[in-house]
Each structure stands twice: as C-alpha cells, then as structure tokens.
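**Student:** Let me begin by handing over the structure; questions about it come next.
The values are calculated or read from the model by the stated rules, or taken from the named source; none is laboratory data. Just so it is clear, the structure is predicted and the values come from calculations on it, not from any experiment. Every residue, glycine among them, receives a Cβ derived from its backbone with ideal geometry; neighbour counts consider all protein chains shown. Surface areas here come from the heavy atoms of the whole protein model, side chains and all, with no ligands, DNA or RNA. Shrake-Rupley method; radii C 1.70, N 1.55, O 1.52, S 1.80 Å.
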Amino acid sequence: MQLQNRLQGLRSSIQAISDIADDTVRVCTVAGLDLEELGETDSAMQVEASLRKLLDAQHQLDVERSLVTRLATEQDMADNAEAEYLASWEQSMATYNEQSDAAKYGKNTTYKEFREQLWEVRHDGEPMPRLFGDNGDESDEDLVIAGARMNYRCPVTTSWLVDPVTSKVCNHSYSKDAI
C-alpha cells in the first residue's frame, strides 16, 4: 500500500513536470516567432532544435506516466515489477528513438503549428513546403500547388464572378455582365 501511495505521488509529480513542459513549449513558440520577425533566423532555428528536445522529453514523460499508472493500479505487484518497468521503458524509448524525424515530429500538432507560424512570418500567404521532404510520411491530402493563387472576384465589379468569361487578350476573367 505504501508503494502504491508513492507511485500516486510520482504520477502527480510527472503531471506537474508535464504542465511545466507545456508552458515551456508556448514560450519557445513565442520566442521563435519573435526571433524570426527580427530576422534572427539562425536563433529561431536554435529555438526549434530546443523545441524538438522538449517534445522528446514530453514523450519520455508520457511513457513514464503510463508505466507508473499501470504499476499504481496493479493490486498484486509482481516480485519483478522493477525489472518489468525498466524493460518496458527501454522498449518504448528505443522504439521512439529509432523513428525518423518525420515520424516523431511530422504528425506532432505542436511542432507542425510552430513551423507553420514560423513560415508565415516571412512567407505570408505562401504555401509552406513539406516539413521533411517527399518521404511519403505526409498525406497527399495536404498537397498544395505552389504559386497557384486564384482570384474569384471580377476586377471590374469587385464582386464574385458571375458567368465568368476570360479575355483572349490578357487572360483575365470577368463577370459576363461587366463587359
């Protein structure tokens, strides 16, 4: 019973550390954006590297939380609980560390939002390139054709195109009633 209480306390400590890590992620995001706005791209990339390390640490905390929760809820703890805990932890971390950056960070919402916001600072309205190249880890549903900007307003009436026609001279489209 005493061990279960200590494990519950450990779960609370892990949660408190996780909350601090979440706050630190927010601070990293603001700092990275501020640095990028100031033209300090190299420093912003250092913040990004720190953010990745923080996301790795958060993953480790999640593994720890899961294992401690499992131990704390077991009524009859096996004699080899410590060995099982360490083996599970090592297995989980090895699996994570073997993943590519695309697998670790490419689907991580926090990381993707950070990179998108960083991109927007200097490339307002331009589609962001893939984070990790064409390695197949990102969905084709997110495919954006760069440089294709469509305007569906008539340049004469400035309202939405109605019965659009395209000029043979300049290739602009107009509402039929406007010309």
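**Student:** Please verify whether region 65-83 includes one or more residues that are surrounded by 14 or more Cβ atoms within 10 Å (Cβ to Cβ) and within 20 Å of the chain's Cα centre (by Cα).
**Tutor:** No; the residues of region 65-83 include none that is surrounded by 14 or more Cβ atoms within 10 Å (Cβ to Cβ) and within 20 Å of the chain's Cα centre (by Cα).
**Student:** Continuing with the same structure: Pull up region 28-58, narrow it to residues that are buried (at least 16 other Cβ atoms within 10 Å of the Cβ) and of a type outside the set (A, V, I, L, M), then point me to the one that is farthest from Leu118 (Cα to Cα).
**Tutor:** So the residue we want is Gln58.
**Student:** Now for a separate question. Being β-branched (Val, Ile, Thr), open to solvent by 70 Å² or more (accessible area, probe 1.4 Å) and under 18 Å from Arg115 (Cα atoms) is the filter here; which residues of region 18-27 pass it?
**Tutor:** Pass one, region 18-27, residues β-branched (Val, Ile, Thr): 20, 24-25, 27.
Of the ones still in play, those that are also open to solvent by 70 Å² or more (accessible area, probe 1.4 Å) are 20, 27.
Within region 18-27, Val27 is the sole residue that qualifies.
**Student:** Same structure again: How about region 1-17: which of its residues are open to solvent by 40 Å² or more (accessible area, probe 1.4 Å) and either touching a Cys at 6+ places or on another chain (Cβ under 8 Å) or in a helix (DSSP H, G or I) (or both)? Full working, then the answer.
**Tutor:** So in region 1-17, the residues open to solvent by 40 Å² or more (accessible area, probe 1.4 Å) come out as 1-3, 5-6, 8, 10-13, 15-17.
Across region 1-17, the qualifying residues are Gln2, Leu3, Asn5, Arg6, Gln8, Leu10, Arg11, Ser12, Ser13, Gln15, Ala16, Ile17.
**Student:** Something else: Could you list all residues from region 136-179 that are among the polar types (S, T, N, Q), farther than 30 Å from Glu116 by Cα and either at pLDDT below 70 or open to solvent by less than 100 Å² (accessible area, probe 1.4 Å) (or both)?
**Tutor:** Keep residues of region 136-179 that are among the polar types (S, T, N, Q), which gives 139, 151, 157-159, 166-167, 171, 173, 175.
Next, only the ones that are farther than 30 Å from Glu116 by Cα stay: 157-159, 166-167, 171, 173, 175.
Of everything in region 136-179, those that are among the polar types (S, T, N, Q), farther than 30 Å from Glu116 by Cα and either at pLDDT below 70 or open to solvent by less than 100 Å² (accessible area, probe 1.4 Å) (or both) turn out to be Thr157, Thr158, Ser159, Thr166, Ser167, Ser173, Ser175.
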